[in-house]
Amino acid sequence: MQVSVALVPPEGVVNEIEAIIDGTPGARAQLDVVPTGALRLPLIGLGNLTRPDVEALCEHLVELVAGIGMTPRIGLAGAVALESPDDPTVSLGIVGDVDGMIAVAKALPPMVSDFGFYVDRRRFVPKFTVARVTAGTTLPVLQALVDKLERYRSREWDLEGVEVLSRVHRDDGAIFERVHTLYTS
């Protein structure tokens with residue numbers, strides 16, 4: 001199974017994001033919208049693992065992640081779009097204890113390296129991607145979505161843990177199923 005560790009926003013926040021996208025005419029037709037079951041902030045990718053390997057890794061990480069001893073309070077707010085010529089993403093920014101959230105994210109790679117995994121730390125980008133621009137995206141639709149995301153501010157939540165996720169392919173796109181929650185305190 002394809003395994004990663006990520007932050008997943010609470011269900012109510014995910015529903016609000018879906019409502020923003022659904023309330024933007026043309027967004028679903030013109031943008032590559034991230035499916036509801038795939039809305040997450042990837043922290044590290046671990047690749048293809050067998051179920052026994054995932055269970056052993058989670059067992060290894062439980063105490064280490066709890067040793068982080070932090071529960072940063074974060075939320076989502078503000079649009080982050082097309083930050084560079086090779087970045088087609090439309091995302092929500094992170095607000096609240098961003099430094100605490102980044103500290104949690106940075107603590108993970110050394111923990112998995114103890115288990116034989118080596119992670120490219122440069123891939124972590126602190127933003128929640130909600131869609132990607134396509135060749136068929138028009139400026140009015142993109143601007144309408146960016147404007148709505150810019151006005152959005154989710155409720156904040158305590159980041160009590162990170163999720164070990166397994167990628168599952170469905171007819172409506174790839175989603176992620178929670179394998180294990182690793183609590184950070």
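When region 46-66 is filtered for residues that are over 18 Å from the mean Cα position of the chain (by Cα) and surrounded by fewer than 13 Cβ atoms within 10 Å (Cβ to Cβ), the ones remaining, listed by number, are 48, 50, 51, 52, 59, 63. Residues that are part of a strand (DSSP E or B) and aliphatic (A, V, I, L, M) within region 132-183 comprise 133, 162, 164, 165, 168, 174, 175, 179, 182, listed in sequence order.
Restricting attention to region 1-55, the residues that are among the basic types (Lys, Arg) and closer than 14 Å to residue 148 by Cβ add up to 1. Within region 154-185, restricting attention to residues that are aromatic (Phe, Trp, Tyr) and at pLDDT 90 or above, the residue that is surrounded by the most Cβ atoms within 10 Å (Cβ to Cβ) is 157. Test each condition in (1) without any contact (Cβ under 8 Å) to a residue 12 or more places away in the chain; (2) outside any loop (DSSP other than H, G, I, E, B); (3) out of contact with any helix residue (DSSP H, G or I) (no Cβ under 8 Å at 6 or more places or on another chain) for residue 54 and report the one that comes out false. Failing condition for residue 54: (1). Note on region 124-139: residues that are touching a residue at least 60 places away in the same chain (Cβ under 8 Å), more than 19 Å from residue 65 (Cβ to Cβ) and out of contact with any Lys or Arg (no Cβ under 8 Å at 6 or more places or on another chain) total 10. Candidates in region 100-148 are the residues that are within 20 Å of the chain's Cα centre (by Cα) and among the small types (Gly, Ala, Ser); of these, the one that is surrounded by the most Cβ atoms within 10 Å (Cβ to Cβ) is 131. Within region 2-29, the set of residues being crowded, with 16+ Cβ neighbours inside 10 Å and in contact with a strand residue (DSSP E or B) (Cβ under 7 Å, 6 or more places away or on another chain) comprises 3, 4, 5, 6, 7, 8, 9, 13, 17, 21, 27.
Here residue 83 does not qualify as outside any strand (DSSP E or B), at pLDDT 90 or above and over 16 Å from the mean Cα position of the chain (by Cα).
In this structure, is residue 144 farther than 22 Å from residue 169 by Cβ and either modelled with pLDDT of 95 or more or touching a Lys or Arg at 6+ places or on another chain (Cβ under 7 Å) (or both)? So residue 144 fits the description; yes.
Report yes if residue 38 is of a type outside the set (Phe, Trp, Tyr) and at pLDDT below 90, otherwise no. Considered against the rule, which asks whether it is of a type outside the set (Phe, Trp, Tyr) and at pLDDT below 90, residue 38 comes out as yes.
For region 30-45, state whether one or more residues are among the charged types (D, E, K, R) and crowded, with 19+ Cβ neighbours inside 10 Å. Scanning region 30-45, I find at least one residue that is among the charged types (D, E, K, R) and crowded, with 19+ Cβ neighbours inside 10 Å, so the answer is yes.
Scanning region 75-90 for residues that are farther than 19 Å from residue 44 by Cα and either in contact (Cβ under 8 Å) with a residue 40 or more places away in the chain or buried (at least 17 other Cβ atoms within 10 Å of the Cβ) (or both) yields 75, 76, 77, 78, 79, 80, 81, 82, 88, 90. Go through region 1-51 and report how many residues are outside any helix (DSSP H, G or I) and not small (Gly, Ala, Ser). Total satisfying the criteria: 25.
The values are calculated or read from the model by the stated rules, or taken from the named source; none is laboratory data. This is a predicted model, so every value here is computed, not measured. FYI the Cβ positions are ideal-geometry reconstructions off the backbone, even for glycines, and counts take in every protein chain you see.
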